[in-house]
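The values are calculated or read from the model by the stated rules, or taken from the named source; none is laboratory data. Everything numeric in this text was worked out from a predicted model, so none of it was measured. Glycine gets a Cβ as well: all are built from the backbone with ideal geometry, and neighbour counts include every protein chain shown. Each accessible area value is taken on the protein alone, full model and side chains, heavy atoms only, with ligands, DNA and RNA left out. Shrake-Rupley method; radii C 1.70, N 1.55, O 1.52, S 1.80 Å.
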Amino acid sequence: MQNGKVSIIIPFKNTANFLPECFDSIVNQTYTNWEVLAVNDHSTDESFELLSAYSKKDGRIKVFQNKGMGIIPALQTAYAQSSGSFVTRMDSDDIMKPTRLEVMVNAIVENGIGHVAVGQVKYFSDRGISNGYERYEKWLNQLTSTGNNYDEIYKECVIPSPCWMVHREDFEKCKGFEPQRYPEDYDLTFRFYEHGFKIIPCDQVLHLWRDYDTRTSRTHEHYAQNYFLDIKLHYFIRLDYDDTRSLVVWGAGFKGKNIAKGLKRQGHDFVWLCDNPKKIGKEIYGKELVHFEALQELDNPQSIITVANEEAQEEIREYFSELGQSPMQDYFFFC
């Protein structure tokens, strides 16, 4: 028995080589009450012509030209044409597992308004997957299996951008694709978090995520590290920062320096901790770095951790535990 229509939003640009696999995986879904709103973001290959041919064969597929430039205007153009009860995204170079829509619709219908359906993901590539992507995939799927994705939201994007589904009402409640803030998928994840939407756990791989050298998330400036750090800091200050407590930054590498600059730019004072003997006592941006044990002298502090080394992160977690401090309340990993 079919439930409501699913609007599948797909921006595309120069992905003609991958579009047949992508769209065949949509056409072959076990759940058939869907519409595709595909928006051409100024492709210079035959992508538009290829999808136009698909739309002539299947009336559920609708193809438009981007009214602006870039992914966000393309998403806005697509959503303006949508009519489904449920909203989801899809990347034009990826592949849906056959039951993806069915599993997600059933989850969202069963749990109701205020929930986000997600699925586990698997990277694939002609040249093999790097260790970094393997670790990210494992980390993301572990969170998704329990629905605890928000627990580590300040580390990386905890909802895979092409594998989520929400009620249209919820999507519009959190302003959907309206904000002009990149990376747009991470920004949307924070707005799901801000509105208290609950993640529905999923133990199935529903999405195959293609990796290759020229994909947008690898090449476009909007997905550079500094954009991710800006979003993390923006939402931390907005959602989790308590200005009655001492603020701490731990770490003085690339990320630590960027967070420090952002805080100074916004006029937020902080204590800058470090465990590198070569940096302790030195000043960066007019701020002296002090030994991490200074944390114990502060009154009810909140700490932003920018240390990337995983072993060091475990040691830091143990240190906070000994001090009786809790993650996502007293300390936040930004890497």
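Worth pointing out:
- Test: residue in segment 61-74 that is of a type in the set (S, T, N, Q), open to solvent by 20 Å² or more (accessible area, probe 1.4 Å) and either assigned to a helix (DSSP H, G or I) or on the phi > 0 side of the Ramachandran plot (or both): no
- In segment 75-84, residue nearest to Trp34 (Cα to Cα) [restricted to those that are in contact (Cβ under 8 Å) with a residue 60 or more places away in the chain and open to solvent by 30 Å² or more (accessible area, probe 1.4 Å)]: Ser83
- Those helices (runs of 4 or more DSSP H) lying entirely in segment 111-220 with at least 1 residues out of contact with any Leu (no Cβ under 9 Å at 6 or more places or on another chain), open to solvent by 40 Å² or more (accessible area, probe 1.4 Å) and on the phi < 0 side of the Ramachandran plot: 131-146, 168-173, 216-219
- Some residue of segment 47-54 being under 23 Å from the mean Cα position of the chain (by Cα) and of a type outside the set (S, T, N, Q): no
- Tabulated pairs, segment 288-304, first closer than 19 Å to Gln329 by Cα, second of a type in the set (A, V, I, L, M, F, W, C) and open to solvent by 80 Å² or more (accessible area, probe 1.4 Å), C-beta under 8 angstrom, 6+ apart or interchain: none
- Residue count for segment 161-185, restricted to those that are in contact with an Asp or Glu (Cβ under 8 Å, 6 or more places away or on another chain) and closer than 22 Å to Trp209 by Cα: 3
- The C-beta contact set for segment 259-278 (first residue open to solvent by 90 Å² or more (accessible area, probe 1.4 Å), second residue of a type in the set (Gly, Ala, Ser), distance under 9 angstrom, 6+ apart or interchain) comprises Lys264/Gly286; Asp269/Ser246.
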